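Encoded as structure tokens, the structure appears first; notes follow it.
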Amino acid sequence: MIKIAIQKKGRLSEDSIELLAHCGIRFSKADNKLKATAYNFPLEFLFLRDDDIPGYVADGVADLGIVGENVLLESQCRVDVQDKLGFGKCRLSIAVPNAFEYRTLQDLAGQRIATSYPHLLSQYLREKGVEARIHEISGSVEIAPGIGLADAICDLVSSGSTLISNGLKEAEVILKSEAVLISHRELDAEKQRILADLRFRIQSVMRGRNYKYILLNAPNDRLDAITRLLPGIKSPTVMPLKDEGWSSLHSVVQEHAFWEVIGQLRQAGAEGILVVPIEKIIE
Ligand code: PRT
Ligand code: ZN
């Protein structure tokens with residue numbers, strides 16, 4: 001049995017549970033319960049505040065955890081990072097009021113910066129050789145300049161709309177963050193075996209998310225050009241169509257390159273393009 005700590009309620013909870021569900025792990029979560037046990041995998045869940053997760057994993061109260069890199073690095077807890085999980089993406093940034101004529105970080109020398117990330121901010125300022133005054137506050141950081149509490153802030157940003165609605169602009173990105181799977185530094189052999197099984201499943205799900213399955217028709221004399229656009233996992237599958245001189249080609253395409261590749265495929269003579277999601281890719 002292995003224990004995993006995930007966020008009880010918040011931005012990471014749903015995605016954490018969904019990822020484990022796609023790994024085939026079934027459990028039921030009662031609303032107020034702190035714990036749950038999976039029916040079909042040797043996994044016990046602990047539902048915690050995200051800030052508590054690194055400490056619990058470092059102490060061994062939990063063996064594994066899912067938490068944002070921002071929270072992990074701020075905590076300075078000693079754990080192993082196993083995998084980046086591709087959700088909860090955000091950046092930790094310094095932002096200043098729109099009227100602040102910001103050119104370089106030196107403009108913040110001697111200024112007051114409000115943040116919930118005092119450790120990451122002071123480390124960044126130290127590395128850059130800038131001395132500013134850090135005001136640690138635990139929430140609603142974005143209102144600090146408006147009420148005269150600070151000259152700038154350092155907070156998480158994703159869409160940027162919170163900054164805009166508070167009359168702030170992003171000045172520097174300190175850290176890019178996403179959710180990660182962390183583990184206690186010393187797991188016994190049985191726990192390591194369960195972790196390896198869990199990671200195999202997580203990686204299969206994540207590879208599936210990064211690719212789409214693509215099917216298209218093309219004249220045979222265009223197949224070489226089209227194949228060059230689709231490196232696929234190995235080489236594409238080509239099957240003859242009933243119409244003489246035409247084939248159906250099946251392959252995979254990376255999600256991030258998707259629209260660019262589709263345009264090139266059409267130019268190269270591909271027709272009837274179908275794109276379907278992939279649930280898992282086993283390597
Ligand atoms: O109760 P608990 O302590 O568990 O939760 P919490 O309130 O501390 O954290 P929660 O649920 O808000 O966030 C959990 C994690 O989600 C964070 O630690 C990040 O790793 C990740 N994450 C991703 C974010 C955001 N995106 C995000 N946009 N966490 C917070 N925000 C906030 C940000 O602080 C700011 O107030 O959203 C606002 C900015 O969003 P935009 O879209 O307007 O830029
Ligand atoms: Zn929190």
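The values are calculated or read from the model by the stated rules, or taken from the named source; none is laboratory data. Note that the structure is predicted; figures quoted are calculated from it, not measured. Cβ sites come from the backbone with ideal geometry, for glycine too, and all protein chains shown count toward neighbours. Side chains are part of the model used for accessible areas, which takes the heavy atoms of the whole protein and leaves out ligands, DNA and RNA. Shrake-Rupley method; radii C 1.70, N 1.55, O 1.52, S 1.80 Å.
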Ile202 is checked against (1) surrounded by fewer than 17 Cβ atoms within 10 Å (Cβ to Cβ); (2) out of contact with any Pro (no Cβ under 7 Å at 6 or more places or on another chain) and fails just one. What number does that condition carry? (1)
Search result, residues across the stretch 242-283 that are aliphatic (A, V, I, L, M) and more than 16 Å from Tyr213 (Cβ to Cβ): Ala268
Given the structure, is Glu260 under 21 Å from Asp83 (Cα atoms) and of a type in the set (Asp, Glu)? no
For the stretch 1-55, enumerate the residues that are surrounded by fewer than 16 Cβ atoms within 10 Å (Cβ to Cβ), in a helix (DSSP H, G or I) and either within 13 Å of ligand 1 (Cβ to nearest atom) or touching a residue at least 24 places away in the same chain (Cβ under 8 Å) (or both). Glu14, Asp51
Tell me which residues, restricted to the stretch 82-105, are touching a Gly at 6+ places or on another chain (Cβ under 7 Å), more than 9 Å from ligand 1 (Cβ to nearest atom) and assigned to a loop (DSSP other than H, G, I, E, B). Asn98
Selected residue (only one of Val61, Val79, Val71 is crowded, with 19+ Cβ neighbours inside 10 Å, touching a Gly at 6+ places or on another chain (Cβ under 9 Å) and of a type in the set (A, V, I, L, M, F, W, C)): Val79
Going by the structure shown, is Gly65 within 16 Å of ligand 1 (Cβ to nearest atom), on the phi > 0 side of the Ramachandran plot and not in a helix (DSSP H, G or I)? no
Only residues in the stretch 158-182 that are closer than 17 Å to Leu121 by Cα count as the first member; pair them with residues that are charged (D, E, K, R), Cβ under 6 angstrom, at least 6 apart or cross-chain, and list the lot. Val173/Arg91; Lys176/Arg91; Ser177/Glu69
Reported set for the stretch 150-168 where residues are in a loop (DSSP other than H, G, I, E, B) and either at pLDDT below 95 or open to solvent by less than 70 Å² (accessible area, probe 1.4 Å) (or both) is Ala150, Asp151, Gly160, Asn166, Gly167
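Each row is one residue, and each column tells you yes or no for (1) buried (at least 17 other Cβ atoms within 10 Å of the Cβ); (2) of a type in the set (D, E, K, R); (3) assigned by TED's automatic domain parsing to the domain that holds Gln76.
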{"site": "Glu170", "(1), (2), (3)": "no, yes, no"}
{"site": "Leu187", "(1), (2), (3)": "yes, no, yes"}
{"site": "Asp197", "(1), (2), (3)": "no, yes, yes"}
{"site": "Ala218", "(1), (2), (3)": "yes, no, no"}
{"site": "Ile226", "(1), (2), (3)": "yes, no, no"}
{"site": "Pro231", "(1), (2), (3)": "no, no, no"}
{"site": "Val238", "(1), (2), (3)": "no, no, no"}
